[in-house]
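Okay, so here's the structure we're looking at.
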């Protein structure tokens, strides 16, 4: 994770711990309120943890973005464009469903500049690659070797001569 995501994760964890401490202090006699809060916090944390992108794999037919429970396939035949983008590309986006900094940046976002929904699979705000499908869907992924990903996809997507 990048520094910003780490800070957001630490601050949100601290706020949750303080809220749990206050709940224990004020409602210590009634264990159901504390159990409800802990169950909700664990469920939200687990949903974020299983949605973190783990692996980006390029095969002969498609690009696979693998999370723990979800796999997104982008067929190379439907890939319209791929380019590396800077970190400022994420500035005009609002998180609709997903995480904006808690364990990374992933989920469905609204791009205010183009007024469309995009999918993010980013652990950090650096080394971001934009994938555009022929249907108009856009995906943003982050990986350690963004230039290698762009080169590999363009090499694989081009037909042999």
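A few remarks follow.
- Inter-site label distance for residue 49 and residue 70 at 7 Å from Cα along Cβ, in nm: 1.8
- Here region 15-66 and region 111-144 have alpha carbon centers that stand 24 Å from each other.
- Size of the chain as Cα extents on the principal axes (Å, biggest first): 75, 28, 27
- For the chain, the longest principal axis of the C-alpha atoms and the axis of helix 146-157 are separated by about 50°.
- With Cα atoms, 0 to 90° folded angle of helix 3-26 axis to the chain main axis: 20
- Relative contact order of the chain, pairs being alpha-carbon contacts under 8 Å that are 6 or more residues apart, as %: 21
- Taking the chain as a Gaussian network of alpha-carbon nodes connected by springs under 10 Å, the highest mean-square fluctuation of the residues 104, 45, 21 belongs to 21.
- Packing-based exposure ordering (other Cβ within 10 Å, fewest first) of 140, 100, 105, 73: 73, 100, 140, 105
- Computed E for residue 85/residue 24 - FRET, C-beta separation, R0 41 angstrom, nearest 0.05: 0.35
- Taking other C-beta atoms within 10 angstrom as a stand-in for reagent exposure, 88, 147 fall in the order 88, 147, fewest first.
- Per-residue ellipticity at 222 nm, computed for the chain from helices alone with -39500 (n - 2.57) per DSSP H run of at least four residues, works out to -12000 deg cm²/dmol.
- To the nearest ten degrees, helix 31-50 and the longest principal axis of the Cα atoms of the chain are 10 degrees apart.
Just so you know, all these numbers are worked out from the coordinates, no wet-lab data involved. Computed from a prediction, not measured in an experiment: that's the story for all the values here. Glycine gets a Cβ as well: all are built from the backbone with ideal geometry, and neighbour counts include every protein chain shown.
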